[in-house]
Amino acid sequence: MTKHVFVTGGVVSSLGKGLTAASIALLLSRRGYRVRLQKMDPYLNVDPGTMSPYQHGEVYVTADGAETDLDLGHYERFTGIPCTRDSNYTAGRIYSRVISREREGGYLGKTVQVIPHVTDEIKDAIRRLASEDVDIVITEIGGTVGDIESLPFLESIRQYRHEVGRSNSVFIHITLVPYIRAAGELKTKPSQQSTAILRSIGIIPDILICRCERPLSAEVKAKLALFCNVDTHKVIEERDVEHTIYEVPLELARQEVDVYVLELLQLHVRPLRMDDWERMVQVLIQPPNGTVEIAVVGKYIRLRDAYKSVYEALTHGGIAHGLRTVVRPIESEDIEQQGPESLLAGVHGILVPGGFGDRGVEGKILTARYARERNIPFLGICLGMQCAVIEFARHVCGWADAHSTEFNPETRYPVIDLMAEQRGITAKGGTMRLGSYPCHIQPGTRAAAAYGHTVIHERHRHRYELNNRFRDDLVRHGMVLSGCSPDGQLVELIELANHPWFVACQFHPEFQSTPLNPHPLFRAFIGAAWENARHAAT
Ligand code: GLN
């Protein structure tokens, strides 16, 4: 029988619930249990695909093509366990199922209500992950305890525990224990209040994880235990990590959170091995080969979460070479205003990530040009690839008004154009080319060298593509089309032969990179940047 762990958060948002859930999942899976992770988001969008990255950060894409919350990225990076569309439910998705069922007459004349109909739907979503080959499902409830919109989710997990019993479910509450400088004290009151709200809806946490800047004294722990109704040893300190988020699982393992979870679930505590993870963290803390600096030129730069997986994948690429990757985030509009020279001076590699809408596009095109002309290693992703193609068309092929029809429908050289399958689609939610598709790589190319094989599967999220009408001309001018869909119709990878390392892809490699298994393109890109750095130093 599958057992369940429910993770809630109190006091404030952004406590790193997703990282904590991912870390616990990693520890449980390292102890030999088959774990699945799931996130419930209380907002009313059906999925985050239609939201600006400024709202909830990056939209993470699963292999099966769901547009999901970025916490799923942490889940996959930490555990290597694949997520699916069942790994993320929003209130909007739950309600839309209930409402369509009501329209179909599925409730047989009943009054449709939050309890039991919405809560039943939520419990079904949880149950969907429980199966014969899953030992433990970890369900993270997004938002903060006390929000009106998270109430149906909390009521559902309360009922769920009632149904499966205490020995089959654990409640973990993550809270904030702030340090008040003026008083010189850690304050427990916010945690007392958020567990009191939980208690009023029938949930008493088994484990309290306290996010804090300073260590929790025995006295503070005892106080939290007493007032939050938790065993003292199950009050866990989760202090801000010093170097990297990948330290979190090690810190939680030191305090044996995973042991408490297994004991509460009445599961055998098998040995834990984390040597490879520890070695990886050590490389990040003290990189033996120094640092490389990579410029990331995008349009949502002021929010770090907007390019979460890209930044993580750059870190992973560094790990592969014993390097720390330092990111220089640059607004593409600043490139438009100030030119690339001053902003990009001294970087060892340049990455242009994906994006939508024309703001900042010219800055990305200028950036690709700068990388090409100055022989700086370049990785373009999705819109980043499209900008590299536009740049090449304009300045190498000499088609001055070349563009994507996303930005200039009137261009005489629509080198990037809407995919045929996208014509006529007007609905915005979930209608792009999404998820994992195969790609065949041309032997002898940089891409082939990076991957070490020629059939790859990568995740996508786009409506536009390289226009096949211009293929021959682009190739004649020196562009290498190094990867295509199996039917040869869709260009997935381009590169430049007479450049140290200039590769761009229509897909999103960042979604498949993990710290223990850095993505081949990121590994090769950072390798080229390191080469460039050593060159510059001599
Ligand atoms: N806007 C481009 C397209 O739809 C690029 C998308 C992306 O970068 N994810 O094709």
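The values are calculated or read from the model by the stated rules, or taken from the named source; none is laboratory data. These figures come from a predicted structure and were not determined experimentally. As a convention, Cβ positions derive from the backbone with ideal geometry for all residues, glycine included, and neighbour counts pool all protein chains shown. Side chains included, ligands, DNA and RNA excluded: accessible areas come from the protein's heavy atoms. Shrake-Rupley method; radii C 1.70, N 1.55, O 1.52, S 1.80 Å.
The table below lists the values:
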{"item": "Local net charge near Ile494, Cβ-Cβ under 13 Å (Lys/Arg +1, Asp/Glu -1)", "result": "-1"}
{"item": "Of all accessible heavy-atom area on the chain, the percent that carbon and sulfur account for (1.4 Å)", "result": "49"}
{"item": "Along principal axes, Cα extents of the range 308-384, largest first, whole Å", "result": "35, 26, 17"}
{"item": "Residues whose placed amide H lies under 5 Å from that of Leu37, excluding near-sequence neighbours", "result": "Ile138"}
{"item": "With DNA, RNA and ligands ignored, accessible area of Arg471 (1.4 Å probe; Å², nearest 10)", "result": "50"}
{"item": "Fully extended contour minus Cα-Cα distance, from Asn375 to Ala345, at 0.36 nm per residue", "result": "9.5 nm"}
{"item": "Accessible surface, 1.4 Å probe, highest first, among residues Arg270, Arg394", "result": "Arg270, Arg394"}
{"item": "Partner aspartates and glutamates for Lys299 [C-alpha distance under 15 Å; skip if fewer than 8 residues away on the same chain]", "result": "Glu58, Glu331, Glu333, Asp334, Glu336, Asp358, Glu362"}
{"item": "Percent of Cα pairs exceeding the 22 Å cut-off, where the set is the range 452-538", "result": "36"}
{"item": "Residues of type lysines that Lys234 reaches as a straight line, Cα spacing below 16 Å, ignoring anything fewer than 8 places off in the same chain", "result": "Lys221, Lys223"}
{"item": "Sequence of Leu19, Leu208 when ordered by accessible area, the most exposed leading, probe 1.4 angstrom", "result": "Leu19, Leu208"}
{"item": "Within the chain, helix-based [θ] at 222 nm, where runs of 4 or more DSSP H residues each add -39,500 (n - 2.57), nearest 500", "result": "-10500 deg cm²/dmol"}
{"item": "Shape of the chain, Cα gyration tensor, a/c cut at 1.5", "result": "prolate"}
{"item": "Principal-axis tilt of helix 218-228 within the chain, Cα atoms, nearest 10 degrees", "result": "70"}
{"item": "Nearest-ten-degree value, helix 91-103 long axis tilted from longest Cα axis of the chain", "result": "80"}
{"item": "Residue-level accessible surface for Leu267, protein heavy atoms, 1.4 Å, Å²", "result": "40"}
{"item": "Cα gyration tensor, the range 126-281 - rounded (a/c under 1.5), prolate or oblate", "result": "oblate"}
{"item": "Probe 1.4 Å, all protein chains present, accessible-area order of Tyr107, Tyr179, largest first", "result": "Tyr179, Tyr107"}
{"item": "Loop-located GluC sites (Glu not before Pro) in the range 1-107, at most 12 other Cβ atoms within 10 Å (DSSP)", "result": "Glu104"}
{"item": "Relative contact order [Cα under 8 Å, 6+ residues apart], the chain, whole percent", "result": "15"}
{"item": "Shape of the range 349-489, Cα gyration tensor, a/c cut at 1.5", "result": "rounded"}
{"item": "Dipole in debye (nearest 20) - the chain, about Cα centre, beta carbon charges: Lys, Arg +1; Asp, Glu -1", "result": "620"}
{"item": "Per-residue SASA entry for Thr20, accessible area with 1.4 Å probe, Å² rounded to 10", "result": "0"}
{"item": "Percent breakdown of C-alpha pair distances by 10 Å bin, ordered from the shortest bin, for the range 124-163", "result": "25, 51, 21, 3"}
{"item": "Charge dipole of the chain about the Cα centre (unit charges at C-beta), most positive-ward option of Ala368, Ala313, Val259", "result": "Val259"}
